[in-house]
Amino acid sequence: MEWDTFWDTLLDEHKLRHKVIELDAVDTAKGHTTNTKEICRCIYDDYSSWRNECEKQRAALWEIIQTFQGVHLHTSRIKTLESLIDKVIRKRHEWLGDDNSKYAQINVENYKNIITDLAGLRIIINYRGHWQDIHDNLLKLFPILPSVSYEKNKLLSHIPGHNIQAELPKVYYAEGDDIEQYTIWGLIPNRHKMNYRSIHYTLSFQGVYIEIQVRTIYDEAWSDCDHNYVYKKDENKSHTALQQLSGILYPMILVNR
C-alpha cells in the first residue's frame with residue numbers, strides 16, 4: 001500500500017488522528033524539526049525491509065522450542081506494519097511531554113531496541129504447573145547473566161554469538177494468586193488490574209529481540225476474548241461495564257474449571 005494511503009487509513013480506522021495532532025503540537029512547541037508522520041514513515045520503510053530477517057529468526061527459534069516437553073499448542077507472529085505504527089503513535093502519546101521516556105525518543109535508529117515484541121511466540125500449556133519445565137529449558141538456552149545488573153540496564157543489548165535473557169522473566173498475576181511459586185524461581189511479579197495471567201520472557205536471539213509468553217489453555221482463551229472485546233474496544237460506550245464484568249467472571253471461571 002502506498003504510504004499516504006496507509007497513513008490516512010491507519011489514523012481513521014484506529015482513531016489516532018487526534019493523538020497525532022496533539023503530539024505534533026507539543027513537538028512544534030519544543031522546537032523539534034520532525035513530526036510524527038515523518039518519524040513513522042522512516043520506521044515504516046525500515047521495518048518493511050527488516051521483517052524478513054525478523055521472520056527468519058522467529059521460525060528458527062520455534063524449531064528449538066517445539067522440542068520442549070509440556071508444550072500443548074503454540075502460536076507465533078511477526079508484528080504487522082499497521083500494528084507497529086499504531087504502537088509507536090500510542091506509546092509516544094502515552095508518554096507525551098516526558099522527554100526522559102524512551103518512547104518520547106523513539107525513531108528509526110532505536111525502535112528495534114524499544115519495541116521488543118516485533119517477533120513473538122506464545123506457548124500454551126495444559127496445566128499451570130507445567131510452566132516450570134518450559135522455564136527451565138528456556139534458561140538453559142537463554143541464560144540470565146549473573147554478572148549483569150538487570151535492574152540498572154533493564155533491557156540488555158545483544159551480545160554477538162550469545163543468546164540470553166534480555167530482561168528478567170516476568171509473571172503477570174491477579175489479586176489473590178499465589179505468586180511464591182514464581183518468585184522462588186526468580187520471576188518478577190506484576191499484578192495486572194484486569195486479571196491477565198501470563199509469564200513473559202524477552203530473549204535476545206541471533207540479534208533479534210523475541211517475546212515469549214507462556215500461559216495455560218484457560219488463560220489463553222480468556223485473554224483472547226478479553227483482548228478483543230474489552231482491551232481493544234476503548235471507544236465503545238460499554239467499555240467500563242465490560243471491564244467490570246471481565247473482572248467478575250474470570251475468577252468464577254477459574255474456581256469452576
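Loop-located trypsin sites (Lys or Arg not before Pro) across segment 25-75 with a Cβ neighbour count of 12 or fewer within 10 Å are Lys30, with loop assigned by DSSP. Shown here for segment 86-173: GluC sites (Glu not before Pro) in loop regions (DSSP other than H, G, I, E, B) with at most 16 other Cβ atoms within 10 Å, namely Glu109. Calculated on the alpha-carbon coordinates, the convex hull of segment 39-107 measures out at 119 cubic angstrom per residue. Within the shell of other residues whose beta carbon sits under 13 angstrom from the beta carbon of Pro189, the net charge comes to -1, with Lys and Arg scored +1 and Asp and Glu -1. Taking Lys and Arg as +1 and Asp and Glu as -1, the other residues whose beta-carbon sits under 11 Å from that of Glu211 total +3. Taking each residue as 0.36 nm, the span from Glu94 to Arg128 lengthens on full extension beyond its C-alpha to C-alpha distance by 8.9 nm. Looking at segment 169-208, the trypsin sites (Lys or Arg not before Pro) that sit in a DSSP loop and have at most 11 other Cβ atoms within 10 Å of their own Cβ are Lys193. Measuring max minus min along each principal axis, the C-alpha atoms of segment 111-230 give extents of 39, 31, 26 Å (largest first). Each Cα pair under 8 Å and six or more residues apart adds its separation to the average, and for segment 56-185 the resulting relative contact order is 25 percent. If you take all other residues with their beta carbon under 12 Å from the beta carbon of Lys154, and give Lys and Arg +1 and Asp and Glu -1, the sum is +1. The alpha carbon centroids of segment 124-144 and segment 63-102 are separated by 20 Å. Along the Cα-to-Cβ line of Val148, 7 Å from the Cα, sits a label point; which residues in segment 191-205 have backbone N less than 11 Å from it? Within reach of a label on Val148, which here means backbone N under 11 Å from a point 7 Å along Cα→Cβ, segment 191-205 contributes 203-205.
Laboratory data are not the source of any read-out in this text; all were calculated from the coordinates shown. This one's a predicted model, so the numbers in the text were calculated from it and none came from an experiment. Note that each Cβ is placed from the backbone with ideal geometry, even for glycine, and that neighbours are counted across all protein chains shown.
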